[in-house]
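*Asks:* Can you read through this structure? Questions will come right after.
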Amino acid sequence: MASSPGPSPRPASRLAASSSAYLRAAAEQAIDWHPWGSEPFELARRTGRPVLLDIGASWCHWCHVMDETTYADSEVARLIGQAFVAVKVDRDEHPEVDRRYQQQVGALTGEGGWPLTGFLTVDGELFLGGTFFPPSDGHGRPGFRRVLKEVARLWSDEPERVRGNAQQIQEALRRMRGPSAGPPGDLAAFLDSVRLGLDASYDPVHAGFGSAPKFPHPSAIEFQLWDAFSTGRAESAERARETLSAMADGGIYDHVGGGFHRYSVDEGWHVPHFEKMAIDNAELLRAYVAGARRFGEPRFEEVIRGIVGWADSVLADPAGGWGASQDADNAPGDDGGYFTWTRAELRGALGPEEFRLVTRFFGVGTDGRMPHDPDRNVLFRAISLADAAGGLSLPEPPDRVLAAALEKLRAVRAGRPSPTVDRALYAHINGRFLGAFAMASGALGDPSLRDAARRAADRWLDRGFSPERGVPHRIAADGPSGYGLLDDQVSMASGLLELALTTSEGKYLDAAAALLDLVDREFRGDGPLYRDLAPTLYDGPTVAGISVDAYPLEDSPHLSANAAAALALIRLGSVVHDDARIDRARALVAEIARRIPGAGLFATGSALAAGLLATPSMSVVVEGRGPDADRLLRVARKAWHPNVVVFEGPPRPPFALATEMPGPAGPGTVRALVCSGTSCGPPVTDPDVLARWIAAGGPVPPA
């Protein structure tokens, strides 16, 4: 494994014309980076060198730090050029690559995340790896100069140890991937174990789950809402409500610009990691829609408007769809400067009484101070607005003064250098967002959100979808690319299904059904489980173990692709009354339960699917026209049930209705029909009665 002389001086950077913003940002580095593909592995084989793999993303703060320090270091660049073939991967562009190397690094070190740093054999097998490395020893980590020298020595002098490391990692992965013994998982026991896991991880002081760093877990909130509905556990509903409230009040929510940052570095939700991920916000949007419908909290509706406002103003593509992320930083060395405030900045932007109200309300100078610069503050709701306004001479009610102050802060922020936005259009993100926008449209009574979802769906269906290939991972000016990834198919199917139920348009339902049929046909792997990619459809380079099966089962904290598939099958099966799809979901969830019986918090998406399998679906049909019909429709769309569909008038096929529905309404009749499973209650004309019936899962005696 001796190193050969280095290759000839490189041409213009291979990354300069990349479709990835993350790769383009590294084009000027002194390192001869290769994009992912077969070429660097062929070069490694010819030159007898190991491969240095860097996986990151444009939103990733520590990826920027490593680029700006470690990879900008001349000695690091020299060592890489002397002994390695360097490959840089955008994890958003190639999630299938990231997934496999996260597993390998995790099997080796027990850690993961971004940047992910790996040292690979010429066959793409990892033999050493980690995450962030500073150029020299520091941050509690070995310096990359020392690491590179030792890896080069190991590769040259101890090839058997290199092969042994790689083999041990692969063997560990084979054990992890192998089918477990025993019958399919018992769903009741699985639900109990997830419930116990949530109880154990719940933070009774700050709400949410776990400790610092604290991530949102939207599927856990939806599971708790189902649990309260199904079992009557009041604490489940209360914990869901507390968590939604704590996140909405915390610094993890951007009170000026809307939308959520990725996670909180502290237990109290005060100081976030500042990147804003589209996938996070899409799933949180869905959770807040459920929370607004279940609890009727005006604050949750405000958060819904904040998320969609951020998505529309920052991520939206004029032709339809949403980009992938907004960076945490606006310049080298920055850490949240765009999103945070000093007292002097606030005083300069606001009038005296506005300044007093804002600094009190948002806890300026308290727990939101930035650790590296205590003069800068993250805004979070520290006290009630009434308490913040106490003793102030405000010209208008406090809520109006606050709204005007926030508008001034938005104007100031608009003048700051803004963090980079990755405008790449990815299918899994757009599927989740268009579904959540469709749901939010009904909950808020805002047709513009439905229209935004329709524009996104039409663009994806026009630009990349076919029943034979599904949807691509990405659409761009040069066409679609990245076919054959599971998460794209199930996320887009789920989004199209919600849009179909919002619009009663059969073309979206047909496309969702076609995608789920494709998944069952092409992605089926070990038993009822679905692989993360379909070998017959995948159009990426099949190098470095990409053909090895991988099964996304755990929420991380995003909903896993297999859980998303189960939820979509249940939703579709209940809408078209197709027991075969319900049975498919049941087999899938049972196998997930067998594979990850103790996953707790990280299995809440699958547990929600298990719960819905035991919960009769509900359909509501509002018939008639005029103000009375509009009131019934508004109530039906605002009321909450874990699996309810609301139709404005009897829908046409392929939608299916209960077999025991009353006969057609007479001319001029306004009524709502509430059906659970295949049976319906008597017609309803009173909006309050309709709300009670939906909340209860069917007809209930008068209050």
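A short reminder: the numbers here are calculations on the coordinates, not readings from a lab. Source: prediction; values computed, not measured. Positions of Cβ are generated from backbone atoms using ideal geometry, with glycine treated the same way; all protein chains shown enter the neighbour counts.
*Asks:* For region 446-613, what is the charge dipole size about the Cα centre, in debye to the nearest 20, if Lys and Arg each add +1 at the Cβ and Asp and Glu each add -1 at the Cβ? It would help to have the intermediate numbers written out before the result.
*Replies:* Values: 17 positive and 24 negative charges, 22 e Å.
I would put it at about 100 debye.
*Asks:* For region 565-593 and region 65-108, compute the distance between their C-alpha centroids and round to whole Å.
*Replies:* Each part's Cα centre sits 39 Å from the other's.
*Asks:* Once both labels are modelled 7 Å past Cα along the beta-carbon direction, what's the Q82-A665 spacing in nm?
*Replies:* That separation, rounded to one decimal, is 8.1 nm.
*Asks:* Also: What are the extents of the Cα atoms of the chain along their three principal axes, listed from largest to smallest and rounded to whole Å?
*Replies:* 87, 66, 47
*Asks:* If you bin the C-alpha pair distances of region 133-274 every 5 Å from 0, what whole percents do you get?
*Replies:* P(r) for region 133-274, in whole percents per bin: 2, 8, 12, 11, 10, 10, 11, 12, 10, 8, 4, 2, 0.
*Asks:* Dipole size in debye (nearest 20) for region 318-375 around its Cα centre, Lys and Arg Cβ +1, Asp and Glu Cβ -1? Don't skip to the answer; put the middle values down first.
*Replies:* On the way: 5 positive and 10 negative charges, 63 e Å.
Around 300 debye, computed over region 318-375.
*Asks:* Now, a different point. Over region 210-422, what is the mean sequence separation of C-alpha contacts under 8 Å (at least six apart), divided by residue count, expressed as relative contact order in percent?
*Replies:* Values: 341 pairs, mean separation 42.9, N = 213.
Relative contact order, region 210-422: 20 percent.
*Asks:* In what order do V684, V151 fall by count of nearby beta-carbon atoms within 10 Å, going from fewest to most?
*Replies:* Numbers: V684 23, V151 20.
Fewest to most other Cβ atoms nearby, the residues stand as V151, V684.
*Asks:* Place a point 7 Å from Cα of T685 in the direction of its Cβ. Which residues in region 620-652 have their backbone N less than 17 Å from it?
*Replies:* Counting backbone N atoms under 17 Å from the label point, the list is 622-633.
*Asks:* Also: Based only on other Cβ atoms within 10 Å, what is the fewest-to-most ordering of K88, K507? Mind showing how you got there, number by number?
*Replies:* Numbers: K88 28, K507 15.
Going from least to most buried by this count: K507, K88.
*Asks:* Follow-up question, since we're still on this one. If you add up the charges near A212, with Lys and Arg at +1 and Asp and Glu at -1, over every other residue whose beta carbon is less than 15 angstrom from its beta carbon, what do you get?
*Replies:* Local charge sum for A212: -2.
*Asks:* Hey, another quick one. Residue farthest toward the positive end of the dipole of the chain, with Cβ of Lys/Arg at +1 and Asp/Glu at -1: which of W460, A414, L108?
*Replies:* W460
*Asks:* Still on this structure, I have one more. Nearest 5 percent is fine: what portion of the DSSP beta bridges confined to region 618-696 is antiparallel? All intermediate terms of the calculation are to be shown ahead of the outcome.
*Replies:* Working: 9 of 14 bridges.
Expressed as a percentage, antiparallel bridges in region 618-696 total about 65.
*Asks:* I've got another one for you. How big is the gap, in Å, between the Cα center of region 314-359 and the Cα center of region 217-253?
*Replies:* Computed from Cα coordinates, the inter-centre distance equals 28 Å.
*Asks:* What value, in deg cm²/dmol to 500, does the helix sum -39500 (n - 2.57) over DSSP H runs of n ≥ 4 give at 222 nm once divided by the residues of the chain? Please list the in-between numbers first.
*Replies:* Values: 25 runs with 327 residues, N = 703.
Calculated mean residue ellipticity at 222 nm is -15000 deg cm²/dmol.
*Asks:* To the nearest 20 Debye, how big is the dipole of the chain about its Cα centre, given +1 on the beta carbon of each Lys and Arg and -1 on that of each Asp and Glu? Don't jump to the answer; show the numbers that get you there.
*Replies:* Details: 72 positive and 90 negative charges, 51 e Å.
The calculation lands at about 240 debye.
*Asks:* Once both labels are modelled 7 Å past Cα along the beta-carbon direction, what's the D549-D199 spacing in nm?
*Replies:* That separation, rounded to one decimal, is 3.6 nm.
*Asks:* Can you check what the net charge comes to around F274, using other residues whose Cβ is under 10 Å from the Cβ of F274 (Lys, Arg +1; Asp, Glu -1)?
*Replies:* With Lys, Arg at +1 and Asp, Glu at -1, the neighbours total -4.
*Asks:* For a footprinting-style exposure proxy, rank K638, K276 by other Cβ within 10 Å, fewest first.
*Replies:* Details: K638 19, K276 28.
Lowest to highest Cβ neighbour count: K638, K276.
*Asks:* Further question on the same structure: If you restrict to DSSP beta bridges whose two residues both lie in the chain, what percentage is antiparallel, to the nearest 5? Don't skip to the answer; put the middle values down first.
*Replies:* Working: 40 of 54 bridges.
DSSP beta bridges in the chain are roughly 75 percent antiparallel.
*Asks:* Shifting gears a bit: Counting only DSSP beta bridges with both residues in region 1-132, tell me the antiparallel percent, nearest 5.
*Replies:* So the antiparallel bridges amount to about 50 percent of the total.
*Asks:* For region 604-612, just list the computed ³J(HN,Hα) in residue order, Karplus coefficients 6.51, -1.76 and 1.60, θ = phi - 60°, integers in Hz, with x standing in for Gly and Pro.
*Replies:* 5, x, 5, 5, 4, 4, 4, x, 5
*Asks:* Quick check: residue separation of A476 and E42 times 0.36 nm, minus the Cα distance between them. What number comes out in nm? Display every interim value, and only then the final one.
*Replies:* On the way: separation 434, 0.36 × 434 = 156.24 nm, distance 2.85 nm.
Roughly 153.4 nm would be gained on extension.
*Asks:* From the residues H372, Y202, F300, which one has its Cα farthest along the dipole of the chain in the positive direction, the dipole being from +1 and -1 charges on Cβ of Lys/Arg and Asp/Glu about the Cα centre?
*Replies:* My answer, from the dipole projection, is F300.
*Asks:* So, counting K/R as plus one and D/E as minus one, what does the shell of residues with Cβ under 13 Å around L588 add up to? Mind showing how you got there, number by number?
*Replies:* Numbers: positive: R524, R531, R581, R584, R586, R594, R595; negative: D520, D526, D583, E591.
Every neighbour counted, the sum reads +3.
*Asks:* Relative contact order of region 446-613: what whole-number percent is it, with Cα pairs under 8 angstrom and at least 6 residues apart? Can you show the working numbers first?
*Replies:* On the way: 237 pairs, mean separation 30.3, N = 168.
Relative contact order for region 446-613 comes out at 18 percent.
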